[in-house]
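Below: the structure, in structure tokens.
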Amino acid sequence: MHDPTHKFLFGAFSFVLGAAVGSFLNVCIYRWPVDLSINRPRRSFCPNCKQAIPWHQNLPLISWLALRGSCANCGAKISFRYLAVELVTALLFLAIWEMFPWQMAIAYWIFVSFLIIGTFIDFEHFIIPDRVTIGGTIAGIASSMMVPALMGTNTRLAAGVRSFLAAALGYVILWIVLEAGKIAFGRKRIRFDAPTSFKWTKRDDDADFVVGTEQSLWSDYFARERDRLLLTCDEVGIDHHTYENVTLDFRYDRVTAEGHMMMLDDVTQIAGVTRELVIPREAMGRGDLKFLAAIGAFLGWRAVLFSLFAGSLLGSVIGLITLVVGKPVWSAKLPFGPYLAFGAVTWMFFGGFFLRWYGALLSP
Ligand SMILES: [Zn+2]
């Protein structure tokens with residue numbers, strides 16, 4: 001590989017491969033949260049007009065640019081996300097190829113594929129599916145056993161054990177942070193300046209919960225069974241019952257009003273006017289725990305600590321910026337996965353550098 005032509009060809013190949021994989025990741029990002037199969041329908045289709053997209057309009061990077069981000073059939077806008085995912089995957093595949101021996105590069109290609117799916121699903125849906133997190137953890141342990149260099153060892157058994165322990169560390173350490181955060185800022189009180197209308201509407205296993213202009217899924221507010229949501233109402237109708245000046249005491253599956261408890265399964269709609277809302281606030285979701293486990297399985301225990309640290313730091317900085325320039329958001333959902341992924345990618349490329357720098361700091 002000292003031959004520059006070879007080097008260029010392999011680099012170009014990894015970029016194109018990355019773009020093609022990115023195109024596939026887009027399919028996973030679109031279909032996994034809504035439980036559509038990846039294989040059926042086999043062809044990609046336009047999210048708007050459902051028209052199957054012919055292969056020549058489905059070339060990674062090129063097609064989105066050539067069609068200027070719209071569907072050739074109905075003209076609907078195709079999200080910029082499609083181009084972004086393909087480009088990010090292509091660039092990461094190229095950078096990984098340039099930096100690591102080929103066995104490690106292949107493992108890291110698999111790793112960043114999981115990271116990208118998790119990141120973009122979390123951005124849109126505020127969840128990271130088990131297929132990404134548990135799937136990523138299993139893939140990480142398997143990759144480590146196949147390429148022990150990932151865990152800085154040369155026996156498969158040691159690599160597998162290290163990978164497993166790092167995954168466990170990722171899960172446990174974030175669980176501790178989550179529980180501690182729960183005690184520190186367990187709930188959030190929101191007072192409205194004016195009486196604000198709200199509506200709770202049953203939808204399948206879940207419900208839509210709209211307060212003023214904020215719309216969210218009921219399940220977004222509850223992370224565990226004992227979480228409570230309090231809603232102080234001027235007036236409220238629960239199906240056919242009406243109440244005045246009442247505080248509704250919600251659990252995920254039930255509501256209590258004036259000592260009268262109803263299972264939400266038996267309720268279709270709750271609507272009224274509220275003055276105050278107390279929500280259980282979760283710093284992060286359960287998916288993040290398993291996501292950090294997957295990061296540990298691929299990158300080792302140091303990366304767990306680093307990703308958590310770097311992710312929290314970036315999260316706080318961005319949180320501060322949105323606090324200063326953005327409109328106040330009180331929603332309970334906060335994607336943390338993208339920050340963890342940022343920390344993980346930083347470690348993957350620069351972890352060795354950090355370690356040397358830190359080592360030099362300790363022993364001058
Ligand atoms: Zn279309």
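The values are calculated or read from the model by the stated rules, or taken from the named source; none is laboratory data. This one's a predicted model, so the numbers in the text were calculated from it and none came from an experiment. Neighbour counts are summed over all protein chains in view; Cβ atoms, including those assigned to glycine, are modelled from backbone coordinates with ideal geometry.
Across region 210-243, what is the total count of residues that are basic (Lys, Arg), surrounded by 13 or more Cβ atoms within 10 Å (Cβ to Cβ) and free of Cβ contacts under 8 Å to residues at least 40 places away in the same chain?
Adding up the residues that qualify gives 0.
Can you tell me which of (1) within 26 Å of the chain's Cα centre (by Cα); (2) surrounded by 19 or more Cβ atoms within 10 Å (Cβ to Cβ); (3) free of Cβ contacts under 8 Å to residues at least 60 places away in the same chain is the one SER113 doesn't meet?
(3)
Taking region 236-288, which residues are part of a strand (DSSP E or B), among the charged types (D, E, K, R) and touching a Ser or Thr at 6+ places or on another chain (Cβ under 7 Å)? Full working, then the answer.
Our first condition is that a residue be part of a strand (DSSP E or B); within region 236-288, this holds for 236-238, 241-250, 254-257, 260-263, 269-280.
Cutting the leftovers down to among the charged types (D, E, K, R) gives us 244, 249, 254, 275-276.
Within region 236-288, ASP249, ARG275, GLU276 meet the criteria.
Out of region 48-67, which residues are more than 13 Å from the ligand (Cβ to nearest atom) and over 18 Å from VAL88 (Cα atoms)?
TRP55, HIS56, ALA66
Output the number of residues of region 43-67 satisfying the condition of being on the phi > 0 side of the Ramachandran plot and modelled with pLDDT under 85.
Start the filter on region 43-67 by keeping residues that are on the phi > 0 side of the Ramachandran plot, which leaves 50, 61.
Okay, now just the ones that are also modelled with pLDDT under 85, so 50.
Residues that pass the stated criteria total 1.
Any residue at all in region 219-239 that is more than 20 Å from PRO195 (Cα to Cα) and of a type in the set (Gly, Ala, Ser)? Please lay out each step first, then the result.
Here is the first cut: in region 219-239, the ones more than 20 Å from PRO195 (Cα to Cα) are 219-228, 239.
Subsequent filtering for residues that are of a type in the set (Gly, Ala, Ser) retains 219, 223.
Yes, region 219-239 contains at least one residue that is more than 20 Å from PRO195 (Cα to Cα) and of a type in the set (Gly, Ala, Ser).
Under 8 Å by Cβ, and 6 or more places apart or on different chains, what pairs join a residue from region 72-95 that is of a type outside the set (D, E, K, R) and at pLDDT 95 or above with one that is more than 16 Å from the ligand (Cβ to nearest atom) and not in a helix (DSSP H, G or I)?
Note: pairs meeting the criteria are LEU87/LEU61; ALA90/PRO60; ALA90/LEU61.
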